[in-house]
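What follows is calculated from the coordinates using simple rules that are stated; it is not laboratory data. The model shown is predicted, which means the values in this text are computed figures rather than measured ones. Cβ atoms come from the backbone with ideal geometry, glycine included; neighbour counts cover every protein chain shown.
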């Protein structure tokens, strides 16, 4: 998708250690792990909290803009995904179980609508 759409599309990773301690390393260790094991080429930012009193403001905004399953606002598990349109609005939210390749149609539709 990134190759096809260039600067019109960006993926950003936000590591979080709130889910079973899955991201215990330093920011550099997490980025290296993602690159070496998954071929990640998108930005992986510094580790943050996504739930609770110390939740990052970006995630507070994302969760408030688009509730999850059953109207829950909290992020349930690592790899939950949000789609933000060019207009800055949260267009979609997917549970961690949803595979990235299954999001392609929704992303393509938003890219086309946003032009």
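So here's what we get for this one:
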| quantity | calculated |
| --- | --- |
| Test: residue 65 is surrounded by 13 or more Cβ atoms within 10 Å (Cβ to Cβ), free of Cβ contacts under 8 Å to residues at least 12 places away in the same chain and closer than 29 Å to residue 111 by Cα | no |
| Within region 50-60, considering residues that are in contact (Cβ under 8 Å) with a residue 12 or more places away in the chain and in contact with a strand residue (DSSP E or B) (Cβ under 9 Å, 6 or more places away or on another chain), the one surrounded by the most Cβ atoms within 10 Å (Cβ to Cβ) | 59 |
| Residues of region 68-80 classified as in contact with a strand residue (DSSP E or B) (Cβ under 8 Å, 6 or more places away or on another chain) and either touching a residue at least 40 places away in the same chain (Cβ under 8 Å) or buried (at least 17 other Cβ atoms within 10 Å of the Cβ) (or both), total | 1 |
| Matching residues, region 1-21, being in a loop (DSSP other than H, G, I, E, B) and closer than 24 Å to residue 106 by Cα | 1, 9, 10, 11, 12, 14, 15 |
| Members of region 22-49 found to be surrounded by 15 or more Cβ atoms within 10 Å (Cβ to Cβ), in a helix (DSSP H, G or I) and out of contact with any strand residue (DSSP E or B) (no Cβ under 8 Å at 6 or more places or on another chain), listed by number | 33 |
